[in-house]
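Data first, discussion second: the structure below is written as structure tokens.
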Amino acid sequence: MLWHSPFVTYPAIRLHLLMRAKPLFEQSIFVFAGLVVYEFLLWVIDGWSGHPTTGPHAGTTRLAGGLIWP
């Protein structure tokens, strides 16, 4: 199990009933924020472990995930 996944999963589980009542736009913002946190944690782990950091395409995956989620 990856140790960074609880940092994204816990808020998603705790807030999922509140988010269901929100409009799709606000839900998309929540998904985008979760993806940003996830990518930031991956970037930190890659930096600590000496792996090369991701390129400029990493931002497109977060943006695409937030836009096409609904």
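The values are calculated or read from the model by the stated rules, or taken from the named source; none is laboratory data. This one's a predicted model, so the numbers in the text were calculated from it and none came from an experiment. For neighbour counting, all protein chains shown are included, and Cβ atoms are generated from backbone atoms with ideal geometry for every residue, glycine included. Heavy atoms of the whole protein, side chains included, go into the accessibility calculation; ligands, DNA and RNA do not. Shrake-Rupley method; radii C 1.70, N 1.55, O 1.52, S 1.80 Å.
Points to keep in mind about this one:
- Two-site FRET efficiency, I13 against W43, from Cβ-Cβ distance with R₀ of 25 Å, rounded to 0.05: 0.60
- At the residue level, L63 shows approximately 100 square angstrom of accessible surface with a 1.4 angstrom probe and all protein chains present.
- For F40, the solvent-accessible surface with a 1.4 Å probe is about 110 Å², rounded to the nearest 10.
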